[in-house]
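Read through the structure below, which is laid out as structure tokens, and then see the notes.
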Amino acid sequence: MSSYVERVYEHVVEKNESQPEFHQAVKEVLESLIPVFEKEPRFEKYKILERITEPERVIMFRVPWVNDNGDIQVNRGFRVQFNSAIGPYKGGLRFHPSVNLGIIKFLGFEQIFKNSLTGIAMGGGKGGSDFDPKGKSDNEVMRFCQSLMTELFRYVGGRIDVPAGDIGVGAREIGYLYGQWKKITQSYEPVLTGKSLEFGGSLIRPEATGYGSVYFALEMLKANNEEIKGKTCLVSGKGNVAQYTTEKCIELGAKVVTLSDSGGFIYDPEGITKEKLDYVFELENVRRGRIKEYAEEYGVDFYPGERPWKIKADIAFPSATQNEIDGKVAKILVDNGIIAVSEGANMPSTAEAIDIFHENKIMFGPGKAGNAGGVATSGLEMAQNFSFTSWNRNTVDKKLHDIMINIHKTAYNAAKDYGETGNYVLGANIAGFKKVANAMILQGHW
Ligand code: NDP
């Protein structure tokens, strides 16, 4: 590590105790930026790292709500407004029992560079709660969302901070949150994205993260004279990102053989067909069931408590949660002949895993590039809302595809400029960072 990066990283660890995921994300970004500081000392002079690793604002609040038995429940809500140098704070809300300040800060920090990479004017933020929507009735989820927004509304707005979905927050939750925001403010503006089509949602937003992750993989493959058609793919998760990653892979002639949730994974050697995927949509989005039921329905194997990575395949799309692939697992993937990994989830691979992919010349698309299609299409949703219009499916899909091609090109060229062609981690971090850092310098010391 350079002395500047080392100093800042040590300070971050010291000042943010018990936030290992945040430390991990900061370390990954800062280490890859070392060549930038060697070439451009002004970033150190302006104390950009000291400033960019400290959120502009952290909001933490009580979320009381009443369950169906009439008992009062109390959860904790978070919104981290990390950086607004290039646009309003933008980033999802995550509802999951594992949520804590460190996880929200890691996600918000990553979001700064991801949003910058999209080329759209969006700053970085993230929020959520340790609320667990699993097993809750619609009414309980609604009361929780209303309570959360009763506090959060003070801090968000279409030109201030625009939350969206993430783990545990889909169209249902966004609808309840938006309804409460509108009731309090009597206003119309794109304060949330991922809305339903009836009240300002964008076509292709539900599909965007998964489709985008596949579009990014296509570009990596193309750069290496490979194609996706005929390839066997591993997908983890069974939620929003996993579903649409699978859909796009099937459409492009690839075979997806796995899906998972926190209970385990299914292995369907024949491949998940369009019909079987319709079953998953219904299972996850309507019945809110478990992936184990897929194995029972189609007579395939279910591996309880395991993740899909031991299955032999060509391409992996980790699309569930952080730290799903450590060094040991990365080694298994490499030994099994994987050629590419495109991250749909945020930080699913540990630093050790990424090193193994790079050492073995595996095409590796980090989440901040691979899954940026979601937030980019949220940006497109905001653009449509601000101009009171809506674009058709093909228009949005074409824009998404172009954005992903451009993100690939930007990351590829940045890595090439620094003599590391094919290192998308380096390329994405450098390109995302420089725009934000330059904007911070141009706007003075704040
Ligand atoms: P969903 O809630 O729709 O699905 C999440 C899936 O991951 C579920 O199958 C869930 O299983 C599984 N999962 C969650 N936590 C764990 C865990 N600790 N261990 C094992 N499995 C787990 O979320 P999304 O699909 O929206 O998000 C998935 C990933 O993609 C996240 O990392 C998110 O940050 C990232 N992402 C999402 C974007 C979006 O537009 N939705 C945009 C950019 C990134 P179970 O049901 O058992 O909990």
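Any read-out appearing in this document is the output of simple, stated calculations on the displayed coordinates, not a laboratory observation. Being a predicted model, the structure only gives us computed values, none of them experimental. Because the Cβ atoms are built from the backbone with ideal geometry, glycine has one as well, and the counts that use them run over all protein chains shown.
What the table below lists for this structure:
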item: Leading residue at positive end of dipole, the chain (Cβ point charges), from GLY289, TYR279, PRO35; result: PRO35
item: Of all DSSP beta bridges in the chain, antiparallel share, percent nearest 5; result: 55 percent
item: Förster radius 30 Å - calculated FRET efficiency between ALA383 and ARG154, Cβ distance, rounded to 0.05; result: 0.75
item: Loop trypsin sites (Lys or Arg not before Pro), the stretch 355-446 (other Cβ atoms within 10 Å of the site Cβ: 16 or fewer; DSSP); result: LYS361
item: Assigned charges on the beta-carbon of Lys, Arg, Asp, Glu; the stretch 269-328 dipole about Cα centre (debye); result: 200 debye
item: 5 angstrom amide H check on ASN323, placed H, neighbours 5+ away; result: SER349
item: Cα-centred dipole magnitude for the chain, charges only on beta-carbon of K, R (+1) and D, E (-1), debye, nearest 20; result: 1160 debye
item: Dipole magnitude of the stretch 37-128, debye to nearest 20 (Cβ charges: Lys/Arg +1, Asp/Glu -1, about Cα centre); result: 180 debye
item: Dipole of the stretch 290-446, positive end: most advanced residue of LEU333, PRO308, PRO366 [Cβ charges, Cα centre]; result: PRO366
item: The chain - mean residue ellipticity at 222 nm from DSSP helices (-39,500 (n - 2.57) per run, n ≥ 4, rounded to 500); result: -15000 deg cm²/dmol
item: Top positive-direction residue, dipole computed over the chain with Cβ charges, set GLY444, TYR412, LEU177; result: GLY444
item: Subset of LYS328/LYS416; LYS136/LYS238; LYS409/LYS435; LYS114/LYS134; LYS238/LYS310; LYS27/LYS248 violating a 21 Å alpha-carbon distance limit; result: LYS328/LYS416; LYS114/LYS134; LYS27/LYS248
item: Trypsin sites (Lys or Arg not before Pro) within the stretch 6-57, DSSP loop, no more than 14 other Cβ atoms inside 10 Å; result: LYS47
item: Inter-centroid distance (Cα atoms) of the stretch 168-192 relative to the stretch 1-73, Å; result: 28 Å
item: Which of GLU297, GLU189, GLU324 has the fewest Cβ neighbours within 10 Å, and the rest in rising order; result: GLU297, GLU189, GLU324
item: DSSP beta bridge pairing in the stretch 1-154, given as percent antiparallel to the nearest 5; result: 75 percent
item: Stretch gain in nm, segment LYS310-ARG287, where the contour uses 0.36 nm per residue and the Cα spacing is subtracted; result: 5.4 nm
item: Sites matching chymotrypsin sites (Phe, Trp or Tyr not before Pro) across the stretch 338-392 that sit in DSSP coil, with at most 16 neighbouring C-beta atoms within 10 Å; result: PHE388
